[in-house]
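Reading through the structure tokens given below for one structure.
Where a number appears in this text, it was derived from the coordinates with a stated rule and is not lab data. Note that the structure is predicted; figures quoted are calculated from it, not measured.
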Ligand code: ADP
Ligand code: MG
């Protein structure tokens, strides 16, 4: 028991250090990016355009890995408000759909009648984006993904169902472990972030997958959330 607590404390310090380094590394990267951008606009250097493009892309990729890592490492406070998941999804929909259409995929909405929950708006958006991106990345062109909400036995369920290639059973235990990825350019942080967001909302995540597709369900316990609401006022 004591050992476990010590390990957690160490992890927290390592996490904090890593977060600090992430922040510090970002500043010089911003400088480099700025000068690269400037050079890429110089007409005498047009023959290097392809190199500049790659350098800028890779810098942006490194930057987004740091962002993802920071949002995991930070010991965040949730900013809970009385919100409806359906509104958050509807607001996000044009962005998600545009993302899907780029690779000839589609997103359907099936929003049921659900009560408000205590949610952190930014974190919910992040959770939905991460799950939807994974679903889209697993699918072929012409296929579609469905985002739905429903009320089920005192729980509000957010379901993201894709028609993608599925997740091999041998990987199920690894889902949500930071840096677990099967993609060439994956970070393996997307699901880890989803799990930590769910934890902060007292929600659980269920996964079901076969070679016909994968469904991620985030289950919010209404009872608990209402309890917090009462406690606050
Ligand atoms: P990344 O997307 O960067 O690989 P994630 O944490 O988002 O990292 O996902 C980890 C791994 O879980 C993915 O590499 C993939 O193998 C698997 N995965 C997650 N969601 C899905 C999905 N909807 N369909 C198929 N595989 C998935
Ligand atoms: Mg991902």
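Semi-axis lengths, largest first, of the ellipsoid equivalent to segment 143-195 are 24, 15, 11 Å, with √(5λ) applied to each eigenvalue of the Cα gyration tensor. Using the Cα gyration tensor of segment 1-158, with a ≥ b ≥ c the square roots of its eigenvalues, what is the shape: rounded (a/c below 1.5), prolate (a/b larger than b/c) or oblate (neither)? Oblate, since a/c reaches 1.5 and b/c is not below a/b.
Just so you know, the Rg over Rh for segment 80-233 is 0.96, from Cα atoms, with Rh as the Kirkwood radius. Based on alpha-carbon atoms, the Kirkwood radius and the radius of gyration of segment 82-166 give Rg/Rh equal to 0.98.
As an exercise, find the ratio Rg/Rh for segment 48-124 from alpha-carbon atoms, using the Kirkwood inverse-distance average for Rh.
That ratio is 1.11, to two decimals.
Specify whether the C-alpha gyration tensor of segment 166-213 places it in the rounded, prolate or oblate class, a ≥ b ≥ c being the square roots of the eigenvalues: rounded for a/c under 1.5, otherwise prolate if a/b is larger than b/c and oblate if not. Judged from the Cα gyration tensor, segment 166-213 comes out oblate (a/c at least 1.5, b/c at or above a/b). The relative contact order of segment 71-229, computed from alpha carbon pairs under 8 Å that lie at least 6 residues apart in sequence, is 23 percent.
For residue 109 and residue 53, the difference between the fully extended length at 0.36 nm per residue and the C-alpha to C-alpha distance is 16.6 nm.
Relative to the 2.2 N^0.38 Å rule of thumb, segment 21-66 has a C-alpha radius of gyration ratio of 1.22.
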